[in-house]
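The values are calculated or read from the model by the stated rules, or taken from the named source; none is laboratory data. Just so it is clear, the model here is predicted, and its values are computed rather than measured. No Cβ is skipped: glycine too gets one built from the backbone with ideal geometry, and neighbour counts run over all protein chains shown. Heavy atoms of the whole protein, side chains included, go into the accessibility calculation; ligands, DNA and RNA do not. Shrake-Rupley method; radii C 1.70, N 1.55, O 1.52, S 1.80 Å.
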Amino acid sequence: MDWDEFADWGRRLADYGAGYHRELRDRPVRPDVKPGAVLGQLPKAPPEEGCSMTAILEDFDRIVMPGITHWQHPRFFAYFPANAAPPSMLAEMLVAQIAQQCMLWQTSPAATELETRMIDWLRQAVGLPLGFHGVIQDSASSATLTAMLVMREKVLGWKGNAEGLSEQRRVRVYCSDQVHTSVDRAAWVSGIGQDNLVKIPTVAGDPLRPMDVAALRAQIRSDRADGYLPAGIVGATGGTSMGACDRIWELAEVAENQGLYLHVDAAWAGAAMICRSFRELWRGVEKADSVVFNPHKWLGAQFDCSAHFVRDPDALRQTLAIRPEYLRSHAHAEVTDYSEWTIPLGRRFRALKLWFLLRYYGLEHLRQMVRNHVTWSRALARRLESEPDFEIVTEPVLSLFTFRHRGDDAHNLKLLEQINADGRIYLTQTRVDGRLAIRFQAGAFAMTGEDAENAFYTITGMARIMR
């Protein structure tokens with residue numbers, strides 16, 4: 001492909017993307033396909049000869065698009081959003097075109113320094129104090145794994161990487177049962193192990209379901225007496241299931257008194273902290289050792305883009321940095337090499353989309369979007385609550401709440417399946433106190449109040465059909 005052809009197809013694909021988004025509201029959110037439908041249309045062997053872009057794009061429309069779940073759909077109310085605002089998409093086009101590998105300052109000086117500035121813009125935006133530094137990770141899962149590795153190394157006196165874990169005392173980390181499963185996986189991958197990730201009960205009757213700090217203190221005392229080595233705490237702000245929020249200020253007090261590392265996972269809800277009125281949900285976060293949230297969720301930065309803040313970058317580098325001769329920077333000892341802050345050596349130019357996004361919209365536009373989503377979600381919860389045979393299981397935490405229709409788990413699962421099969425909206429389920437509940441989460445960048453109305457009529461309409 002020559003560059004004239006590249007430019008021509010680039011224009012065509014930009015037009016294609018604009019048309020896709022203009023018409024997206026008219027599509028069903030999820031595809032109506034059976035497993036294997038796409039695979040069966042793909043040749044089993046790779047092609048020996050090339051073909052035209054025209055043929056490739058025709059097959060894209062014929063084979064791929066019918067099997068796509070539309071994450072950018074304004075009525076995507078499942079999981080959490082994975083937004084991609086238009087300025088972010090344009091930035092990603094440039095990232096693909098200049099194809100940077102941002103592992104060291106010298107391999108991409110502008111990318112490194114833009115990342116430094118963007119992380120500090122985000123720090124200011126969510127109200128974290130001076131003294132926090134940061135790095136852009138691919139996901140909150142990677143940030144949490146990194147935090148757990150730092151916990152492990154600090155408590156072992158930096159011996160784990162060098163000596164392995166077999167001869168060390170058993171390290172323990174504490175969290176509630178409301179944390180994301182990435183915390184469990186981090187325990188596996190870090191070598192700490194599932195049995196040493198201690199799940200502390202939550203406070204009975206508190207709608208935010210925070211970790212019971214008295215139980216945490218008792219567990220730490222018991223573990224020390226039994227010869228374990230407590231290393232850290234993972235606190236949640238906006239848990240995945242129903243939005244649980246730990247009392248971060250209480251966890252910080254325990255961490256300080258016990259000499260433990262405190263990591264706060266605010267993957268989804270952290271974006272809402274650009275609004276001062278929501279910051280009570282993570283009060284005390286300034287005392288955490290590390291914090292993560294995902295601009296690629298609520299703020300509209302195209303996946304992947306996770307902001308990982310740390311109070312002590314040296315501890316992070318001491319855990320992860322490795323410097324063979326071919327990676328040494330001899331000319332500038334004062335520069336930052338972000339590959340020493342992350343598990344992968346290779347790094348994408350993720351800061352560019354943040355620069356485009358924040359400059360194009362400004363914080364106030366993004367704040368209003370978040371406020372709207374919270375308002376629409378709360379209003380929907382109240383309307384469902386007033387309907388016969390509906391109950392709100394967990395009250396809205398920001399823009400997330402859960403509900404049930406009268407009946408057992410099988411009935412509610414069938415209702416969920418009927419709602420999703422209808423195609424107008426997309427919801428998912430969770431379990432609250434052992435019972436199935438249906439989740440609603442507003443966060444799509446293109447959502448309007450009419451989409452919340454559509455959700456109400458779809459949910460209640462499907463429930464009436466099932467009576």
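In the range 234-338, one over the average inverse separation of all distinct C-alpha pairs is 15.5 Å, which is the Kirkwood hydrodynamic radius. Partner lysines whose Cα lies under 24 Å from the Cα of Lys297, excluding those fewer than 8 positions away in the same chain, are identified as Lys353.
Note on the chain: antiparallel DSSP beta bridges, both residues inside, total approximately 60 percent of the bridges counted. No solvent, one uniform scatterer per C-alpha: report log10 I(q)/I(0) for the range 405-467 via the Debye equation at q = 0.16, 0.25, 0.27 1/Å, two decimals. Rounded to two decimals, the profile gives -0.53, -1.12, -1.24.
Based on DSSP, what percent of beta bridges with both residues in the range 111-236 are antiparallel, to the nearest 5?
Working: 1 of 9 bridges.
The answer is about 10 percent antiparallel.
Taking a straight Cα-Cα cut-off under 13 Å and skipping sequence neighbours fewer than 8 places away in the same chain, no aspartates and glutamates fall within cross-link reach of Lys44.
Mind putting a number on the dipole of the range 362-467 about its Cα centre? Charges go on the C-beta only, +1 for Lys and Arg and -1 for Asp and Glu, and I need it in Debye to the nearest 20. Numbers along the way, then the final one.
Details: 14 positive and 14 negative charges, 12 e Å.
That gives a dipole near 60 debye.
Find the percent of Cα-Cα distances in the chain that exceed 39 Å, and round it to a whole number.
Considering the chain, 28 percent of its Cα-Cα pairs are separated by more than 39 Å.
Surface exposure of the range 145-184, expressed per residue as accessible area with a 1.4 Å probe, stands at 44 Å². Taking all protein chains in place and a 1.4 Å probe, what share, in percent, of the accessible surface of the chain do carbon and sulfur account for? The C+S portion of the solvent-accessible surface of the chain is 52 percent. For the range 1-79, GluC sites (Glu not before Pro) meeting the loop criterion (DSSP other than H, G, I, E, B) and having at most 12 other Cβ atoms within 10 Å: Glu48, Glu49. About its Cα centre, the dipole of the chain is roughly 1000 debye, where the only charges are +1 on Lys and Arg Cβ and -1 on Asp and Glu Cβ.
A straight Cα-to-Cα reach below 28 Å connects Lys414 with the lysines Lys34, residues fewer than 8 places away in its own chain not being considered. Relative contact order of the chain: 22 percent, from C-alpha pairs under 8 Å at least 6 residues apart in sequence.
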